[in-house]
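J.: Okay, handing you the structure first.
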Amino acid sequence: MKFYSTNNKTLAVSFKDAVFNSLPADKGLYMPEHIPQLDPLFLKNIQQYSLKEIALEVASALLENDIPRPELKKIIDDAINFDAPVKFLTDRTAVLELFHGPSYAFKDFGARFMSRIMGYFSKTDDKLLDVLVATSGDTGGAVALGFLGVEGTRVTILYPKGKVSDVQELQLTTNGQNIRALEVDGTFDDCQTLVKQAFSDAELNRALRLTSANSINIARLIPQTFYYFYAYAQLRSQGIDEVVFTVPSGNFGNIGAGLLAYKMGLPVKHFVAATNVNDTVPRFLASGQYEPKPSVQTLSNAMDVGNPSNWVRIQDLFSGSLGELKTMISSYTFTDEETKAGMDSLFKECHYIACPHTAIAWLGARTYAQEHPGQYASVFLSTAHACKFPDAIEDEVFAKIELPAGAEALKGKEKLAEPLKVDFEAFKTYLINHN
Ligand SMILES: *Cc1c(COP(=O)(O)O)cnc(C)c1O
């Protein structure tokens with residue numbers, strides 16, 4: 001499969017180049033040159049397959065000419081080694097839990113698959129692959145744990161001091177091996193600026209083989225299609241074949257993968273994009289005007305995105321047709337007050353403790369169901385375990401959360417982080433001296 005830039009379809013590159021470039025030079029995003037259709041017989045019998053088997057089928061439809069199937073199978077068996085269960089909370093409402101991976105967030109799917117793809121393509125290179133990543137919390141943990149122990153790679157994470165939760169910080173800083181954490185005396189934006197400066201610094205690029213673990217990498221998008229197929233398989237095994245997915249959205253990579261799955265043949269009735277007050281997409285679907293705004297800080301901080309990068313991919317999938325987009329996607333926006341009330345009702349009505357992002361998905365699913373009653377299953381995506389967001393959850397509810405075994409074990413581990421000022425020269429010196 002070749003991958004073109006959404007800005008110029010005539011400039012197609014190999015999968016390997018798309019993975020290591022991350023962004024095309026023209027600042028578009030990579031998309032598969034054509035959308036392969038899954039075998040109808042496979043879809044008809046999908047309830048017979050496991051998550052790994054489904055993942056292999058979907059990935060090889062896209063990548064069969066880039067990675068031999070036995071190699072792809074090894075990558076998937078190693079990367080997708082945790083479950084994504086659909087759990088019914090009422091007759092027709094279910095949650096798809098995507099937080100059973102090592103960092104307790106759905107970003108594990110993308111990060112674990114991408115790290116192994118990068119490892120696979122780096123086998124023949126003798127120079128270490130240096131992955132730089134800035135994080136506001138969730139991305140860093142997924143990338144750190146995704147690359148931990150992957151041969152030929154080294155990860156440097158920049159995170160804003162005092163601005164990530166305890167579980168998040170421990171996931172970033174207690175790994176050792178090929179993972180290093182820099183605790184930046186600044187904001188997430190400062191971290192991101194430092195990383196961007198590194199990528200454009202000629203001297204650093206001569207000394208090191210730098211790459212980005214950015215969320216717009218095509219190798220993070222592809223594995224996120226797997227769980228939509230697997231969720232559908234789980235519904236089919238219960239005799240249900242109509243589904244509406246509600247996705248809590250920030251950069252729109254998660255829902256973008258769902259829409260790619262739909263275009264590959266997954267029968268989905270409708271998608272709902274639920275956002276916090278960073279509502280660029282809901283406004284666009286209402287008005288037809290795409291007007292990005294600077295991001296606003298909210299309780300669901302992993303979705304604080306004013307100009308969602310992956311939106312161009314979604315437009316590309318729908319060939320820019322607003323009509324078709326609106327037929328397939330509804331979008332709702334919720335304030336922090338509504339989010340808190342949503343977490344509260346989920347707990348009281350369904351005995352379910354959700355992180356704020358997940359609560360927004362549930363609110364979106366509920367609003368859509370009220371406006372469009374029907375017999376379909378309403379599946380909302382839970383993108384992170386509630387234990388990662390103590391500040392957003394009431395203390396008495398938080399106290400009831402069952403910590404995953406791994407989160408408990410993190411508490412005793414030693415924090416290994418180097419302090420860093422917001423100063424590019426200091427960052428550069430660190431990278432050169434610690435090579
Ligand atoms: C990253 C993240 C999101 C947003 O996903 P996008 O793909 O950027 O739309 C939602 N919830 C959680 C918990 C996240 O970490």
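Nothing in this text is a laboratory measurement; each read-out follows from the coordinates by a stated rule. Since this is a predicted model, take the numbers as computed values, not measurements. Here the Cβ positions follow ideal geometry from the backbone for every residue, glycine too, while neighbour counts run over all protein chains shown.
J.: Net charge around V150, counting only other residues with Cβ within less than 12 Å of its Cβ (Lys, Arg = +1; Asp, Glu = -1)?
T.: +2
J.: At a Förster radius of 56 Å, what calculated FRET efficiency corresponds to the Cβ-Cβ distance of Q375 and N433, to the nearest 0.05?
T.: 0.35
J.: Right, something else. Considering only the other residues whose Cβ falls under 12 Å of the Cβ of L128, what net charge follows from Lys and Arg at +1 and Asp and Glu at -1?
T.: Within the 12 Å Cβ shell, the charges total -1.
J.: Would you mind pulling out the separation of the Cα centroids of the range 73-142 and the range 291-308, in Å?
T.: Rounded to whole Å, the Cα centres lie 23 Å apart.
J.: Can I ask one more? Given +1 on the Cβ of Lys and Arg, -1 on the Cβ of Asp and Glu, and no further charges, what dipole in debye does the range 1-82 carry about its Cα centre, rounded to the nearest 20?
T.: It works out to roughly 120 debye.
J.: I've got another one for you. Can you give me the distance in nm between label points at L11 and E425, each placed 7 Å from the Cα along the Cα-to-Cβ direction?
T.: Distance between the two pseudo-spin positions: 3.4 nm.
J.: For the chain, what is the calculated [θ] at 222 nm in deg cm²/dmol (nearest 500), taking -39500 (n - 2.57) for each run of four or more DSSP H residues and dividing by its residue count?
T.: -12500 deg cm²/dmol
J.: If each residue of separation counts as 0.36 nm, what is the full-extension length gain between A405 and K74 once their alpha-carbon separation is subtracted?
T.: Net length gain for the segment: 116.5 nm.
J.: Determine the distance separating the Cα centre of the range 191-227 from the Cα centre of the range 264-285; give it in Å without decimals.
T.: 26 Å
J.: Under a straight-distance cross-link criterion of Cα-Cα below 18 Å, which lysines are reachable from K127, leaving out those fewer than 8 residues away in the same chain?
T.: K127 reaches K16.
J.: Under a GNM of the chain (C-alpha, springs under 10 Å), which listed residue has the highest mean-square fluctuation: P248, P70, P373?
T.: Highest fluctuation among the options: P373.
J.: Here is a further query. From the cross-link list K44/K263; K87/K269; K73/K123; K74/K123; K196/K415, which pairs have alpha carbons spaced over 24 Å apart?
T.: K196/K415
J.: Say we join alpha carbon atoms closer than 10 Å with springs in a Gaussian network model of the chain; which of D91, D279, D17 then has the biggest fluctuation?
T.: Greatest mean-square fluctuation among the candidates belongs to D91.
J.: If you don't mind, another one. Using a simple charge model, +1 on the beta-carbon of Lys and Arg, -1 on the beta-carbon of Asp and Glu, nothing else, what dipole does the range 321-425 show about its Cα centre, in debye to the nearest 20?
T.: 300 debye
J.: What is the dipole size for the range 124-170, taken about its Cα centre, with +1 at each Lys and Arg Cβ and -1 at each Asp and Glu Cβ, in debye to the nearest 20?
T.: Approximately 200 debye in magnitude.
J.: Could you sort 285-295, 169-179 so that the peptide with the highest average Cβ count within 10 Å comes first and the rest follow in order?
T.: 169-179, 285-295
J.: I would also like to ask the following. Just rank I80, I75, fewest to most, by other beta-carbon atoms within 10 angstrom.
T.: So the residues, fewest neighbours to most, are I75, I80.
J.: While we're here: Once a ≥ b ≥ c are taken as the square roots of the eigenvalues of the Cα gyration tensor of the range 288-435, is the result rounded (a/c under 1.5), prolate (a/b larger than b/c) or oblate (a/b not larger than b/c)?
T.: oblate
J.: What list do you get for T335, T275, T280, T6 if you sort them by fewest beta carbons within 10 Å?
T.: T335, T6, T280, T275
J.: Can you tell me which of R283, R112, R206 moves the most in a GNM of the chain? Springs connect C-alpha atoms under 10 Å apart.
T.: Greatest mean-square fluctuation among the candidates belongs to R206.
J.: When the label point is put 7 Å from the Cα of V397 along its Cα-to-beta-carbon vector, which residues of the range 350-371 have a backbone N closer than 11 Å?
T.: Output list for this probe position: 350-360.
J.: At a 10 Å Cβ-Cβ cut-off, how would you order M303, M1, fewest neighbours first?
T.: Listed from fewest to most nearby Cβ atoms, that is M1, M303.
J.: I would also like to ask the following. What do you get for chymotrypsin sites (Phe, Trp or Tyr not before Pro) in the range 86-149 restricted to DSSP loop and a cutoff of at most 16 other Cβ within 10 Å of the site's Cβ?
T.: In loop regions of the range 86-149 (DSSP not H, G, I, E or B), there are no sparsely surrounded chymotrypsin sites (Phe, Trp or Tyr not before Pro).
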